[in-house]
Each structure stands twice: as C-alpha cells, then as structure tokens.
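**Q** Shown below is the structure under consideration.
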Amino acid sequence: MTVKRPPFELRAIDHVVLIVDGLDDAVKWYADVVGATEEGDLRKFGMVQLRCGASMIDLVDAGSQQGEWARPSVSGGRNMDHFCLEIGPVTRTAMETHLKAHGLAIEEEGLRSGAKGQGYSWYIRDPWDHQIELKTDKTG
C-alpha cells in the first residue's frame, strides 16, 4: 500500500492555545516562570499571544465576555494533556531552585525523548491546571 504524503513539509509546533481564567495573571505567570514575552495583544477577543522562542502560546480568558468563544462545551472540560517547551541548558539544581521560588511542585522529571532526541525534562502545572513539560536537549 502506498502512503500518500501531504503536499507540504511539516516543520514545528507553531502555537498552542490555552484556556485560562484571569488573562493578566496568566500573562505574568508565563513571563515569570518560563520567560515568555507578550507579543500580540488580542484582548478584544479575550486573548494574548506570548512569544516562546520560535513558537507561541495563545492565552484565552474563556471566563471573560470577549473570550467566551473558547469556553469548553463541557464544564471543566480539557482540550489537551500537556505541551512541551524546549528550553536551553540548565542544571537540575538551578531548575529546582527556580521552580521552588515560584511555589511549583515537580510532578515528574527524567530523561525523555522528543523532537530533538533525548533530553532531561520537568513536568509542572500552571495555575490553570495545564501540564507543562520543560525539556532540554541535554541528558543531565
């Protein structure tokens, strides 16, 4: 059986869209914890775009009138398991100190496989219960 390939090259994750409650708090958290910077002000749609290296995270306040378009149809419904952010080299001690300073628990850590091969990663949760994997391209 011949598999027909798409007429395009798949390159990377462009962006993810996360549902939050309290847009300004979410923007601050993503800046303080993972270093994202605000790039697109779409507050008229209840949304802000954050730059994360070569990718974007779009935050939508589904609790606001402007962002109600993103409200899940099921109360408490999720639309994602987790997302992974590639990060630069960091020691385990430095990462643990940083996360502890923000009151974050490490849910899981260890070597994981990803788009650029094996690397060490940490799983945390943001205040809106999105699970985030922070992954280096180094093994320890």
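Nothing in this text is a laboratory measurement; each read-out follows from the coordinates by a stated rule. Note that the coordinates shown come from a computational prediction; the quantities given were computed from them, not determined experimentally. For neighbour counting, all protein chains shown are included, and Cβ atoms are generated from backbone atoms with ideal geometry for every residue, glycine included.
**Q** For the charge dipole of the chain, defined by +1 on Lys and Arg C-beta atoms and -1 on Asp and Glu C-beta atoms about the Cα centroid, which residue among TRP69, VAL48, TRP122 has the Cα displaced farthest towards the positive pole?
**A** It is TRP122, whose Cα lies furthest towards the positive end.
**Q** Which loop-located trypsin sites (Lys or Arg not before Pro) does the stretch 1-48 contain, where loop means any DSSP state but H, G, I, E or B and the Cβ has at most 11 other Cβ atoms within 10 Å?
**A** Listed in order of number, the matching sites are LYS4, ARG11.
**Q** In addition: If you build the convex hull over the alpha carbons only and average its shadow over all orientations, what do you get for the stretch 26-94? Give it in nm² to one decimal.
**A** Mean projected area for the stretch 26-94: 5.9 nm², to one decimal.
**Q** How long is the chain along each principal axis, judged by its Cα atoms, biggest number first, in Å?
**A** So the extents along the principal axes, rounded to whole Å, are 53, 45, 29.
**Q** Can you list residues whose amide H is under 5 Å from ASP58's amide H, if they're 5+ apart or on another chain and H is modeled 1.01 Å from N?
**A** Answer set, sorted by chain and number: VAL16, VAL17, LEU18, LEU50.
**Q** While we're here: For the chain, calculate the relative contact order in percent as a whole number, restricting contacts to Cα pairs under 8 Å that are 6 or more residues apart.
**A** Here the relative contact order equals 19 percent.
**Q** Could you work out [θ]222 nm for the chain from helices alone, using -39500 (n - 2.57) per DSSP H run of at least four and dividing by all its residues? Round to the nearest 500 deg cm²/dmol.
**A** -5000 deg cm²/dmol
**Q** Exposed loop sites here are GluC sites (Glu not before Pro) in DSSP loop states with at most 14 other C-beta atoms within 10 Å. What is the longest stretch of the chain lacking them?
**A** Longest gap between qualifying sites, sites excluded: 10-106.
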